[in-house]
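The values are calculated or read from the model by the stated rules, or taken from the named source; none is laboratory data. None of these values were measured; they are calculated from a predicted model. Methodologically, a virtual Cβ is constructed for each residue, glycine included, from the backbone with ideal geometry; neighbour enumeration extends over all protein chains shown. Accessible surface areas use protein heavy atoms only, side chains included; no ligands, DNA or RNA. Shrake-Rupley method; radii C 1.70, N 1.55, O 1.52, S 1.80 Å.
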Amino acid sequence: MACSAVRSPILRNTAVRHYATATATQACATAGLESQVLNNKIVVAALDNNSPVAQVSIIFRAGPRNETYHTQGVSHHLRIAAGLTTCRSSYFGITRNIQQLGGNIIATTDRESTAYTLQVTRNNLDQALIFLEDVATQQAFKPWEISDQLPRLRYELSKIPETTRLLELLHKTAYRTGLGYSLYSPKRHVGKISSETLQHFVNTWFTGSRCAVVATGVPFSEVCSFASNLNVSSQDGCDQPTKYYGGETRKERNSSIASVAMALESAGLNKEKDALAFAVLQRAAGTGPQVKWGSSISPLYRSICSAAGQQTFAVSALNTTYSDSGLFGVVLCSEPSIAGSVTKAAYKWLRSPKLSDADISRGKNALKTEILYAAENGTALLEILGQQALFKGCASTPISLIASVDKITASDVNNVARKLSSGKLSLAAIGDICCVPNVDELC
């Protein structure tokens, strides 16, 4: 079984993932995308695009956001426990049968969702769906199997990239709890998450009203039949409202660079127009060079160049969007000696972004292109449909989203940009940060 954390690295922003929640691909308009809410409250969406490989994903609105202080890391443990012995199938049986069918089951998580995805040829779909159902809804969490996965968990913790660590620190600083909890287990909880804790988390949050089943390359009727027979609870767990705090976190490491992330609270999916405007603002500000080894002409890059002089640095606008909150800011890496000057320059731009109408027009075009490119990829398309179904309760074609992006005016983008002048700052720094200023030195 494979697993991965769906993170928010610099060049892959969650606004595209979620705002593709209002979209699919151009092919969807002609290939018959269908969606429906079943009697068991599960949202179903399917696109029979005649693909030779069928993909089916069972997604639950549960992730690190739903953890508590003492259960941090449950989502990471669930991710590596995908494919272990269930109430109906053994670990060996699941692995052997999926391999014999030429399929693959992947577990992915982000801060608000957990997805189990099956990929298999269409002629073997019926046999493989049995094991997808087992993996997603029939977990047993045998204590000895969980303990056997701990070396793998420790290995994953040792291989977290520094930029990912930086963004995890930023979320912890911004939200403290809920969305602030990491996609990765704290080292102090390795080996401390019991089978009972995992089972309680699944029983509480893996329910029908928090579930979506999406598929590509599968007839809609088959997906509905499969989803209607899933063994999920009918109870309805309620998320705690997100609270943004701000502040700073600094982590000194033996490194040849200084990495800094700054952000302010932006808009969530519950404010679609503002969230789209922030997505356009990010592209207009710049997300780094679009040509390998090239430079950037973005407003954000130009504003920092003078502070960096002849020394090297990298900078990108950051935009992450969640159901009821979001972060907009800047991520930069530089040589330690200029970290202070480039951080101050980036902070000055963040508090008062200066964008021309041409920049905003470029940002809109870049956003629409990214959405359509993402939808062309089979795996990305399934993720797009899953996020739509999970957070919007339905799935739709890209036409409506592209139209929504077109409706975003320069005034809308400038309005959300002005809101950044008064928000409370969150700052995270990692590496050789001797020259990185504290928040009170910036404000």
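Close contacts from region 78-106, counting a first residue that is in contact (Cβ under 8 Å) with a residue 12 or more places away in the chain and loosely packed, with under 15 Cβ neighbours inside 10 Å and a second that is outside any helix (DSSP H, G or I) and among the small types (Gly, Ala, Ser), with Cβ to Cβ under 6 Å and a gap of 6+ residues or different chains, come to Cys87/Ala140. Please find, among Arg122, Arg111, Arg96, Arg88, the residue that is of a type in the set (Lys, Arg) and farther than 25 Å from Ala54 by Cβ. Just a single option satisfies the conditions, and that option is Arg111. When Ala428 is tested against (1) hydrophobic (A, V, I, L, M, F, W, C); (2) more than 29 Å from Ala346 (Cα to Cα); (3) not in a loop (DSSP other than H, G, I, E, B), just one condition goes unmet, and that condition is (2).
Could you tell me whether Ser337 is crowded, with 16+ Cβ neighbours inside 10 Å, of a type in the set (Ser, Thr, Tyr) and under 30 Å from Ala429 (Cβ atoms)? Against the criterion (crowded, with 16+ Cβ neighbours inside 10 Å, of a type in the set (Ser, Thr, Tyr) and under 30 Å from Ala429 (Cβ atoms)), Ser337 does not qualify.
Among the residues here, Ala140 qualifies as more than 21 Å from the chain's Cα centre (by Cα) and either at pLDDT below 95 or more than 30 Å from Ala261 (Cα to Cα) (or both).
Going by the structure shown, is Leu125 open to solvent by less than 40 Å² (accessible area, probe 1.4 Å), within 19 Å of Val202 (Cβ to Cβ) and assigned to a helix (DSSP H, G or I)? No. Number of residues in region 342-393 that are over 30 Å from Ala258 (Cβ atoms), assigned to a helix (DSSP H, G or I) and not hydrophobic (A, V, I, L, M, F, W, C): the value is 15.
Working carefully through the options Ala389, Ala374, Ala380, Ala314, find the one that is within 25 Å of the chain's Cα centre (by Cα), at pLDDT below 95, open to solvent by less than 20 Å² (accessible area, probe 1.4 Å) and of a type outside the set (Phe, Trp, Tyr). Result: Ala389 is the single residue among Ala389, Ala374, Ala380, Ala314 that is within 25 Å of the chain's Cα centre (by Cα), at pLDDT below 95, open to solvent by less than 20 Å² (accessible area, probe 1.4 Å) and of a type outside the set (Phe, Trp, Tyr). Within region 224-269, being polar (S, T, N, Q), in contact with a Gly (Cβ under 7 Å, 6 or more places away or on another chain) and part of a loop (DSSP other than H, G, I, E, B) holds for Ser234, Gln240, Thr242, Ser255, Ser266. Would you confirm whether or not region 153-160 contains a residue that is aliphatic (A, V, I, L, M), touching a residue at least 60 places away in the same chain (Cβ under 8 Å) and open to solvent by less than 20 Å² (accessible area, probe 1.4 Å)? Among the residues of region 153-160, at least one is aliphatic (A, V, I, L, M), touching a residue at least 60 places away in the same chain (Cβ under 8 Å) and open to solvent by less than 20 Å² (accessible area, probe 1.4 Å), which makes the answer yes. Of note, Ile146 does not satisfy the criterion of being assigned to a strand (DSSP E or B), farther than 30 Å from Asp432 by Cβ and at pLDDT 95 or above.
The residue that is farthest from Met262 (Cα to Cα), among those in region 196-214 that are in a helix (DSSP H, G or I) and open to solvent by less than 20 Å² (accessible area, probe 1.4 Å), is Gly208. Here Ser323, Ser306 are screened, and the one residue that is assigned to a helix (DSSP H, G or I) and among the hydroxyl-bearing types (Ser, Thr, Tyr) is Ser306.
How many of the residues making up region 73-108 are under 18 Å from the mean Cα position of the chain (by Cα) and of a type outside the set (A, V, I, L, M, F, W, C)?
To start, the set of residues in region 73-108 that are under 18 Å from the mean Cα position of the chain (by Cα) comprises 73-80, 106-108.
The next check asks that each one be of a type outside the set (A, V, I, L, M, F, W, C); those that pass are 73, 75-77, 79, 108.
Residues that pass the stated criteria total 6.
Counting only helices (runs of 4 or more DSSP H) wholly contained in region 11-85, the ones carrying 1 or more residues that are modelled with pLDDT of 90 or more and touching a Phe, Trp or Tyr at 6+ places or on another chain (Cβ under 6 Å) occupy 74-80. For residues that are open to solvent by 70 Å² or more (accessible area, probe 1.4 Å) and closer than 20 Å to Ser341 by Cα, tally how many sit in region 278-296. Number of matching residues: 1.
Can Arg418 be described as open to solvent by 50 Å² or more (accessible area, probe 1.4 Å), of a type in the set (Lys, Arg), in a helix (DSSP H, G or I) and without any contact (Cβ under 8 Å) to a residue 12 or more places away in the chain? The answer is yes for Arg418.
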